[in-house]
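Scroll down for the structure; my scribbles are underneath it.
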Amino acid sequence: MIANSPLPAPLVSELQSLLQRHGSDPHALVQILREFQATAGWLPRPALRHLATALNLTLAHVQGVADFYRFFHVEPVGSYRVLFSDNITDRMLGSEALLRQLCALLKVAPDQMRADGRVSVSTSSCTGLCDQGPAVLINHHQVLTRLTPERIVQMADLIEQQLPPAQWPPEWSQVDDQIRLADIKLGMQAAPGAALAAALARSPQAMLDDLKRSKLRGRGGAGYATGTKWQLCRNAPGQTHYVVCNADEGEPGTFKDRVLLTSYADTLFEGMSIAAWVVGANQGLVYLRGEYRYLLDHLQAVLQRRREQNLLGRAIQGKAGFDFDITIHVGAGAYVCGEESALIESLEGVPRIRPPFPVEHGYLGQPTTVNNVETFCAVTHIAVHGGDWWARIGTAQSTGTKIHSVSGDCERPGIYEYPFGTRVGRILEDCGARDTQAVQVGGPSGVCLSALEFDRRIGFEDVPTAGAFMVFDRRRDMFEVARNFAHFFAHESCGFCTPCRVGTELVVRQMDKLKRGYGSSADIQVLFELDKLMHGATHCGLGAGACNPLRDTIAKFRPAYEQHLKSLHFIAGFDMDAELSQARRATGRNDSGAHLENFE
């Protein structure tokens, strides 16, 4: 189908069916686009025009949404869209060589669709499978784990045979929880409904007071006091209150929520229901990251079972007036949607400048509490055992336990749960790390620790974390680690504010310049200046945290940078060869004779 040709009748019928199923609700735009693309393979302009008319939106708005998300395509990408996870841990496991191998076998260039329209191969940010990589997404739906050169050969053959991915060997898509050490949240769970019954036995305010006594802080990274957030939402004026679960686990190296969604969904939904009881909500929404689309059917089945058990729906557990249900919204590949205001905009499908506090003006302008998957799971346990019990675990400022996603250079990657206050060195010992030079805690936007800091402790008062724990031994070039993270932030910037949009790109250019050997100590100073600018001037946390790994690695692993310098004292004006890249593209040349270094 050509981009501007009329839509075939079956696709028009599919659009009409989707619009009817979603009630022609403009707030369902992202879901309608996602479901239509699953049928059509991409989003042709006539389909966008049809949706704009049907939803009473401008074509520019619909086109803007389609262009924003990485998993939406306004040009054909082939019947098989193969995305290799490009997180640093996947690279350490050989993902780049596997991608080149597959491209060679399929005779396709990276990031381009093959001439016959069958396949395209590219990369995606972390897919949440760091403990069992290298990993791949097929058509944004099917995951493949533990790739090997042998599997790549078979994969290429299956694509040439045009065998549907659903019929590929099932063991290729096996995703294990790999729980290595369990504590409260990963241990024995109460029967479905037990925690909710315990909460309903209290008044909403009594449950809220117990939550405050627990001193529970959000497990998504920011660490905001959960009880305070719920109190603000409960007290905020508004006709309708909402409970939103942030399951957009996009921080590279983090996969704990994937395990909770897979094996502890009842605990999550119970926590959301308790939140609804406390804040007075009738509707809950789960924002499921696009990379976890494969979990959707499982989660829908758990929700349906809970409805049948009177744990969702009307008069829950016989409590008159307590009506609450949960729907799932699947994202389409956008790291920034992990930030709660951006997440709410994505749920609405209508981008706008938001008021600062979702607890007062959130989803559809109504009071909304947004919490992480792990936070809601913690609430379920607090409802059963009480706030005082929880507060006795961990430290005074960081109560309870924290789940860690451990990956990288260790013998036993996987999921580990510890009380707050646990030494970083203890986690390294348990996961079988050897000769470790650095640990990136909390993902790229977190903190990078050197071997001198392994006696520090996990907690908001020392080393805060969203859950990622990436291990690097002394074989690794920490400059390359930071460079990978720099490319990640530049790729994921939403472009809303200039400091982030331009700043992340400038950081990438500086890092790539150092990689090519044209840098000097002056370039490292430029990186410091960019860090200061972005940290204080960006609109959201993505830009503010984009230079965190840069700052830490320069300070703690400066020789890794200096080995890439042409001279400690060489001051380069600019990279002439890089500036000529546009001329090479215009002339279609990229041979050795088109590069200046060959004429030195």
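Enumerate the helices (runs of 4 or more DSSP H) found wholly within the stretch 135-228, keeping only those where 3 or more residues are touching a residue at least 40 places away in the same chain (Cβ under 8 Å) and closer than 30 Å to PHE72 by Cβ.
149-160
Does the stretch 83-98 contain at least one residue that is assigned to a helix (DSSP H, G or I), aromatic (Phe, Trp, Tyr) and surrounded by 14 or more Cβ atoms within 10 Å (Cβ to Cβ)?
Taking every residue of the stretch 83-98 in turn, none turns out to be assigned to a helix (DSSP H, G or I), aromatic (Phe, Trp, Tyr) and surrounded by 14 or more Cβ atoms within 10 Å (Cβ to Cβ).
When residues of the stretch 456-484 are filtered for being closer than 29 Å to ALA225 by Cβ, in contact with a strand residue (DSSP E or B) (Cβ under 9 Å, 6 or more places away or on another chain) and either assigned by TED's automatic domain parsing to the domain that holds LYS513 or charged (D, E, K, R) (or both), how many remain?
Total satisfying the criteria: 2.
Looking at (1) closer than 30 Å to ASN548 by Cβ; (2) buried (at least 24 other Cβ atoms within 10 Å of the Cβ); (3) at pLDDT 95 or above, can you tell me which one THR262 breaks?
With (1) closer than 30 Å to ASN548 by Cβ; (2) buried (at least 24 other Cβ atoms within 10 Å of the Cβ); (3) at pLDDT 95 or above applied to THR262, the lone miss is (2).
Looking only at the stretch 103-112, decide whether some residue is part of a loop (DSSP other than H, G, I, E, B), closer than 23 Å to ARG293 by Cβ, aliphatic (A, V, I, L, M) and at pLDDT 95 or above.
The answer is no, given that none of the residues of the stretch 103-112 is part of a loop (DSSP other than H, G, I, E, B), closer than 23 Å to ARG293 by Cβ, aliphatic (A, V, I, L, M) and at pLDDT 95 or above.
Under the condition of being free of Cβ contacts under 8 Å to residues at least 60 places away in the same chain and more than 23 Å from the chain's Cα centre (by Cα), which residue from the stretch 77-97 is nearest to ILE159 (Cα to Cα)?
Step by step, filter the stretch 77-97, then rank; the result is GLY78.
State all residues of the stretch 124-172 that are of a type in the set (S, T, N, Q) and surrounded by fewer than 16 Cβ atoms within 10 Å (Cβ to Cβ); if no residue qualifies, say none.
THR148, GLN154, GLN161, GLN162, GLN167
Kindly indicate which of HIS27, HIS50 is of a type outside the set (Lys, Arg), without any contact (Cβ under 8 Å) to a residue 60 or more places away in the chain and out of contact with any Pro (no Cβ under 6 Å at 6 or more places or on another chain).
It is HIS50.
Show me the helices (runs of 4 or more DSSP H) entirely contained within the stretch 454-538 in which 2 or more residues are within 30 Å of LYS402 (Cα to Cα) and hydrophobic (A, V, I, L, M, F, W, C).
So the answer is 478-492.
What residue, of LEU29, LEU57, is within 21 Å of HIS329 (Cβ to Cβ) and assigned to a helix (DSSP H, G or I)?
Checking each option against the conditions leaves just LEU29.
Say whether the condition of being more than 21 Å from the chain's Cα centre (by Cα) and among the basic types (Lys, Arg) is met by at least one residue in the stretch 49-70.
yes
Keeping to the stretch 540-575, report how many residues are crowded, with 19+ Cβ neighbours inside 10 Å, closer than 27 Å to VAL463 by Cβ and at pLDDT below 80.
Filtering the stretch 540-575 for residues crowded, with 19+ Cβ neighbours inside 10 Å gives 542-543, 545-550, 552-554, 557, 560-561, 564-565.
Next cut, closer than 27 Å to VAL463 by Cβ only: 542-543, 545-550, 552-554, 557, 560-561.
Next, from what is left, pick out any that are at pLDDT below 80: 542-543, 545-547.
Residues in the stretch 540-575 being crowded, with 19+ Cβ neighbours inside 10 Å, closer than 27 Å to VAL463 by Cβ and at pLDDT below 80: 5 in total.
From the list GLU374, GLU417, GLU453, which residue is within 20 Å of GLN178 (Cβ to Cβ), at pLDDT 95 or above and outside the structural domain of THR254 (by TED's automatic domain parsing)?
Sole residue among the options that is within 20 Å of GLN178 (Cβ to Cβ), at pLDDT 95 or above and outside the structural domain of THR254 (by TED's automatic domain parsing): GLU417.
Can you tell me which of LEU7, LEU11 is of a type outside the set (Phe, Trp, Tyr) and part of a helix (DSSP H, G or I)?
Answer to the check: LEU11.
The values are calculated or read from the model by the stated rules, or taken from the named source; none is laboratory data. Computed from a prediction, not measured in an experiment: that's the story for all the values here. Because the Cβ atoms are built from the backbone with ideal geometry, glycine has one as well, and the counts that use them run over all protein chains shown.
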